[in-house]
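Bear in mind these aren't lab numbers, they're just calculated from the coordinates by the rules spelled out. Note that the coordinates shown come from a computational prediction; the quantities given were computed from them, not determined experimentally. Glycine gets a Cβ as well: all are built from the backbone with ideal geometry, and neighbour counts include every protein chain shown.
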Amino acid sequence: MKSSVEETLLAAIRTIPDYPKPGILFRDITTLLGNARAFRRAVDELVHPWAGSKVDKIAGIEARGFILGGAIAHQLSAGFIPIRKKGKLPHDTVRVAYSLEYGIDEMEMHKDAVKPGERVILVDDLIATGGTAEGATKLLKQMGAEILSACFVVDLPDLGGRRKIEALGVPVRTLIAFEGH
Ligand code: AMP
């Protein structure tokens with residue numbers, strides 16, 4: 001039987017067929033964020049394994065990773081690092097290309113956002129192919145961060161993202177999964 005946390009989160013996510021293009025089932029977490037109980041449970045579950053450990057920073061991936069990551073950082077008394085699409089950050093940055101379903105894009109992080117050896121948790125709402133999280137992992141490692149874990153509310157296991165991130169030596173944690181893509 002599913003745990004009540006899993007049931008709460010599954011029920012709170014809305015699925016939009018054919019968005020942003022035909023054949024994609026878009027897992028919309030805005031309904032989860034708008035549901036006080038579900039939002040709190042998702043954040044509590046992601047925080048739980050780290051209660052009492054030293055976590056220096058949470059790195060959130062634009063844009064939904066900012067919402068979850070900010071709440072998690074607050075709970076763990078950690079700092080927050082925004083990982084953004086290129087051209088949005090005002091100071092000196094490191095940049096990496098990452099693969100999207102069709103083609104590539106680039107993401108950036110401020111060079112001084114993390115110090116070598118700092119203990120960081122990476123956060124986004126969902127992992128699909130893992131291309132986005134792989135890019136973020138590379139940026140953090142390039143600046144010397146120790147990545148404790150990459151955490152997501154939703155896993156799309158058929159797309160293999162978890163394996164891609166674990167192959168980089170980063171443990172992955174997800175709360176719920178949907179078959180297909
Ligand atoms: P990927 O790089 O393939 O792992 O894709 C992950 C990023 O794309 C995350 O930031 C997600 O928010 C978004 N994403 C990919 N597929 C979906 C989907 N089916 N539903 C909602 N968001 C998605």
For segment 57-98 versus segment 8-32, the gap between their alpha-carbon centres in whole angstrom: 23 Å
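Can you give the FRET efficiency to the nearest 0.05 for L168 and Y19, using r as the Cβ-Cβ distance and R₀ = 41 Å?
Step by step, r from the Cβ atoms, then E = 0.85.
Considering only the other residues whose Cβ falls under 12 Å of the Cβ of V170, what net charge follows from Lys and Arg at +1 and Asp and Glu at -1? Let's see the in-between values first.
Values: positive: K138, K141, R162, R163, K164, R173; negative: E134, E146, E166.
So the surrounding residues net to +3.
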Number of Lys pairs (Cα under 17 Å; 8 or more positions apart or on different chains) in segment 53-177: 16
Shape of the chain, Cα gyration tensor, a/c cut at 1.5: oblate
Percentage relative contact order, segment 53-177, counting C-alpha pairs under 8 Å, at least six apart: 23 percent
Net +/- balance of residues flanking R95 in space, Cβ distance below 11 Å, scoring K and R +1, D and E -1: +1
Among 15-24, 129-138, the order from most to least packed when residues are scored by Cβ within 10 Å on average: 129-138, 15-24
³J(HN,Hα), Karplus 6.51/-1.76/1.60, whole Hz, each residue of segment 176-181, x for Gly, Pro: 9, 9, 10, 6, x, 8
Most to least packed among 149-159, 50-60, 88-98 [average Cβ atoms within 10 Å]: 149-159, 50-60, 88-98
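So what's the back-of-envelope 222 nm ellipticity for the chain, counting only DSSP H runs of four-plus at -39500 (n - 2.57) apiece and dividing by all residues, rounded to 500?
Details: 6 runs with 56 residues, N = 181.
So the calculated ellipticity at 222 nm is -9000 deg cm²/dmol.
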